[in-house]
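Asker: Would you mind keeping the following structure in view while I ask a few things?
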Amino acid sequence: MTATVIDGKAFAANVRAHVATHVDTLRDEHGITPGLAVVLVGEDPASQVYVRSKGKMTVEVGMASFEHKLDADVSEADLLSLIDRLNNDPTVHGILVQLPLPGHLDSDLVINAINPAKDVDGFHISNVGLLATGQKSMVPCTPLGCLMMLRDYHGSLSGMDAVIIGRSNIVGKPMAQLLLGDSCTVTIAHSRTKDLPGVVRRADIVVAAVGRPQMVPGDWIKPGATVIDVGINRIDKPGGGTRLVGDVDYDSCAQVAGAITPVPGGVGPMTIACLLANTVTACCRAHGLPEPEGLTA
Ligand code: GUN
C-alpha cells in the first residue's frame, strides 16, 4: 500500500482563507480588527524565524500584528508588566509568548499571567483545565491542526484507537484530550513505555510528537493506519548540507500507512494557521459575536 499524503500546506492555506473571510466580516460589519501580540524574549534564531513568519501571516489575513522584542536579560517584573498592558489593551485579542524563555524566567508564571481569554496558545492553566473537562477553551494550535486534518480525512473518529507518542504539555497531552473528546480510545506512549512497537502497532491513528528524528519505522505501523508526524528535526545529509525530517521514517511508513503527513508540509503549516484561527475565535468571544465554524475544536 502507498499512503495518501495529507497536504498540510494546502489545508493550512484553506484555513487561512477561511480566517481572512471572517476578518473581513468583522471589519466591514462591526468595525473590529482582530489583533495578535507576539512577545519574543532574546535572540534564539529558530524563535526569531517563527515570530517573523507569524507576524507576516497575521498581516496577510488582515489582522493587526504587534511584535514585542525584549532583551534576553529582561526582568520577570518587566515581562509581567508588558503582559498586564496587553491584557488590558482592547486592540489585542490574542497574546503569545514565544517559548522557550531564557532560564531566569519562570515560564509557568509568565504563561499564567496572560488573560486566559487572550491565551491563543491554550497553555494557561485555566484553558488546560477547560479542555480536560470538555468545556469551551482556547486549544493549543499544533494539536488543533492535527485534529482538523484527522477530521477532514476520516469524518468521524469515534471508536478509533489512537496512540500518541510523546507526553508534552504543548502537543501530547492536549492531543490526547482532543482525541478523547472525539471518542477515540487514547494511549499516550513515552520514553518509558514497555513494548512501544507493540503499542503503536495497535493504532488506527498514530501521532508522533517526540522530537527524535525518524524514530518510528514502517514496521511499527498497522497497515492502513493514519500517521500524523508532528516532528520537525534538522539532520545532516550524507553528501553535506542538512534537511528536515519528522519523527517517523517517512519512506517506510508511507509503504504501510493508509495516510500520512509529510515533513515539511504537513503539521507545521497548520500550527500558524490555527494560531490565526484562535485569534479570530478570541476576538469573536471578546465581542460576544458568533464564532467562526470549523475553526475550533
Ligand atoms: N515554541 C515552539 N512552539 C511553540 C508554540 O506553539 N507556542 C509558543 N508560544 N512557543 C512555541
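Asker: At least 2 residues that are within 20 Å of the chain's Cα centre (by Cα), modelled with pLDDT of 95 or more and more than 14 Å from residue 178 (Cα to Cα) in each: list the strands (runs of 3 or more DSSP E) lying fully within the stretch 53-165 that qualify.
Answerer: Passing ranges, in order: 64-70, 94-97.
Asker: Next question, about the same structure. Only residues that are in contact with a helix residue (DSSP H, G or I) (Cβ under 9 Å, 6 or more places away or on another chain), polar (S, T, N, Q) and surrounded by fewer than 20 Cβ atoms within 10 Å (Cβ to Cβ): list them for the stretch 43-61, please.
Answerer: Across the stretch 43-61, the qualifying residue is only 53.
Asker: Look at the stretch 88-117 and say how many of its residues are polar (S, T, N, Q) and within 16 Å of the ligand (Cβ to nearest atom).
Answerer: 4
Asker: A follow-up question, please. Mind checking which residues of the stretch 1-18 are more than 16 Å from the chain's Cα centre (by Cα) and surrounded by 17 or more Cβ atoms within 10 Å (Cβ to Cβ)?
Answerer: 3, 6, 18
Asker: Here's something else I'd like to know. Filter the stretch 229-272 down to residues that are among the aliphatic types (A, V, I, L, M), in contact (Cβ under 8 Å) with a residue 60 or more places away in the chain and more than 16 Å from the ligand (Cβ to nearest atom) and give me whichever is farthest from residue 140 (Cα to Cα).
Answerer: 256
Asker: Considering only the stretch 227-239, I want to know if a residue exists there that is of a type outside the set (A, V, I, L, M), in contact with a Ser or Thr (Cβ under 8 Å, 6 or more places away or on another chain) and surrounded by 18 or more Cβ atoms within 10 Å (Cβ to Cβ).
Answerer: Yes, the conditions are met somewhere in the stretch 227-239.
Asker: Can you pull out the residues in the stretch 33-66 that are under 14 Å from residue 89 (Cα atoms), away from the ligand (no atom under 13 Å from the Cβ) and either in contact with a His (Cβ under 8 Å, 6 or more places away or on another chain) or not hydrophobic (A, V, I, L, M, F, W, C) (or both)?
Answerer: 33, 34, 35, 65
Asker: Does residue 148 satisfy the condition of being touching a Gly at 6+ places or on another chain (Cβ under 9 Å) and within 15 Å of the ligand (Cβ to nearest atom)?
Answerer: The answer is no for residue 148.
Asker: I want to confirm something. Restricting to the stretch 22-42 and keeping residues that are outside any strand (DSSP E or B) and small (Gly, Ala, Ser), which single residue is surrounded by the most Cβ atoms within 10 Å (Cβ to Cβ)?
Answerer: 42
Asker: Could I ask something else about it? For the stretch 132-142, does any single residue satisfy the condition of being within 16 Å of the ligand (Cβ to nearest atom), under 22 Å from residue 222 (Cα atoms) and aliphatic (A, V, I, L, M)?
Answerer: No: zero hits.
The values are calculated or read from the model by the stated rules, or taken from the named source; none is laboratory data. It should be emphasised that the depicted structure is a prediction, and the values quoted were computed from it without experimental measurement. Counting neighbours? That spans all protein chains shown, and the Cβs are built from the backbone with ideal geometry, glycine included.
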